[in-house]
Amino acid sequence: MSRLRVLVFMGGYSTEHDVSVTSGTGVIRAMDRTKYNIHPVLIQKDGTWIWSSRELSPYQKDNFSENYFYSLEGPSARQEKNPALSELPSADIAFLALHGKWGEDGHVQALLENWGIPYTGCGLLASALAMDKVLCKAAYLSVGIDTPPYRVLFRDDFSGDKLVDAADALGFPLVIKDPVGGSSIGMGIAKDLDEAGQIVNNLFKNSNRLLCEKFIQGQEASCGYIEGVETPLPPTEMRMTTREYFDFEAKYNGECREVTPAEFPEELTKGIQQLSKKAHLAIGGAGYSRTDVRIDADGKLWALETNTLPGMTPTSILPAEAAAVGIDYTHLIDLIIDTSLKIER
């Protein structure tokens with residue numbers, strides 16, 4: 001049986017570049033080389049793409065790291081700024097281990113569709129919709145999914161009075177975030193008006209608009225959904241250890257304990273699983289996604305956001321949830337590729 005030719009995209013232009021490289025590295029090391037002809041593609045922050053026309057050797061695959069790209073030499077090595085995809089090795093599918101702006105917001109998806117290259121995960125419209133948390137909330141509300149109340153502030157006509165109005169309507173703590181940020185980067189949680197003003201002024205340096213959201217006191221969880229998998233994935237509970245909120249530090253610096261499967265009552269677990277699927281469908285998702293939720297003191301579920309390209313390191317939430325239902329990391333990669341090849345774009 002011939003092997004599938006797979007381009008594995010990682011890196012990207014966003015603040016999630018390093019997280020993406022970690023995801024891509026994990027995917028490549030776990031891929032079954034008897035099934036796939038693997039070609040990694042690194043997108044650097046300055047727009048330079050690095051790849052090789054030669055497939056990874058067994059040693060390179062098993063010991064893959066970012067250093068691979070900087071050791072490339074000879075006629076097979078390529079390095080170009082914003083190349084046409086026709087310059088890349090021909091492929092049966094692109095595995096997207098990208099996160100954040102440009103990689104997860106529909107840009108790469110549109111590029112791949114233009115060149116007729118199948119890819120993993122949600123399509124360009126669902127990706128763009130989910131990436132914009134304001135539009136994502138509108139999609140949730142259109143199908144009856146509860147999401148925390150919110151207000152939107154615009155830099156062009158911002159005034160202190162508008163922040164006061166938002167705080168009066170939503171209360172404190174007040175979540176303030178760049179609506180197209182990711183990995184909890186570009187956000188803050190204010191306990192009073194002075195702190196809210198500082199966060200807004202800081203975030204407006206890099207964003208034209210900000211999302212102010214009511215903070216839902218309670219527990220936080222996340223749950224993946226994979227099309228075609230009969231057994232629903234179990235949710236993961238985020239338990240804070242040294243931090244009060246689930247932010248970037250908690251997410252990536254070990255200051256949060258991720259419990260998979262979450263130790264929730266059966267009814268709550270089923271509710272989160274149903275919400276994850278409903279959110280996936282609400283944005284027009286395809287293949288797989290992961291939705292973050294808050295659970296208030298009354299057990300009510302509030303959808304925060306849907307990730308169309310969730311983290312794919314061996315210890316990321318989606319792989320951990322898959323493992324809990326008997327889908328190991330290598331099998332999960334196979335499943336994502338097989339499911340994505342069946343999607344009609």
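The values are calculated or read from the model by the stated rules, or taken from the named source; none is laboratory data. Worth saying up front: this structure is predicted, and the values here are computed from it rather than measured. Cβ placement follows ideal geometry from the backbone for every residue including glycine, while neighbour counts extend to all protein chains displayed. Just the protein is used for accessible areas: all its heavy atoms, side chains included, with ligands, DNA and RNA removed. Shrake-Rupley method; radii C 1.70, N 1.55, O 1.52, S 1.80 Å.
Packing-based ranking of 38-47, 135-144 yields 38-47, 135-144, ordered from highest to lowest mean Cβ neighbour count within 10 Å. When the chain is treated as a GNM with alpha-carbon contacts under 10 Å, the residue of 288, 68, 13 showing the greatest mean-square fluctuation is 68. Can you tell which of 298, 62, 328 shows the greatest fluctuation in a Gaussian network model of the chain with Cα springs below 10 Å? Largest GNM mean-square fluctuation: 298. Net charge dipole, segment 136-215: roughly 260 debye, given to the nearest 20, about the Cα centre with Cβ charges of +1 for Lys and Arg and -1 for Asp and Glu. Taking label points 7 Å from Cα along the Cα-to-Cβ direction, residue 5 and residue 34 give a separation of 2.3 nm. Of the solvent-accessible surface of the chain, computed with a 1.4 Å probe and all protein chains present, 48% belongs to carbon and sulfur. Of the residues 285, 210, 274, the one whose Cα sits farthest towards the positive end of the charge dipole of the chain is 285 (charges of +1 on Lys and Arg Cβ, -1 on Asp and Glu Cβ, taken about the Cα centre).
For the chain, what is the relative contact order in percent, using Cα pairs closer than 8 Å and at least 6 residues apart in sequence?
Computed over the chain, the figure is 18 percent.
The residue among 85, 152, 135 whose Cα reaches farthest toward the positive pole of the charge dipole of the chain, with charges on the beta-carbon of Lys, Arg, Asp and Glu, is 85.
For residue 119, nonlocal amide neighbours, meaning residues 5 or more places apart or on other chains whose placed amide H falls under 5 Å from its own, are 94. Set the bar at 29 Å for Cα to Cα. Now go through 45/277; 45/300; 278/342 and name every pair that lies beyond it. Distance filter (> 29 Å) returns 45/277; 45/300.
Solvent-accessible area per residue in the chain equals 44 Å², computed with a 1.4 angstrom probe and all protein chains kept.
Rounded to the nearest 20 debye, the dipole magnitude of segment 39-132 is 120 debye, with +1 charges on Lys and Arg beta carbons, -1 on Asp and Glu beta carbons, and the Cα centre as origin.
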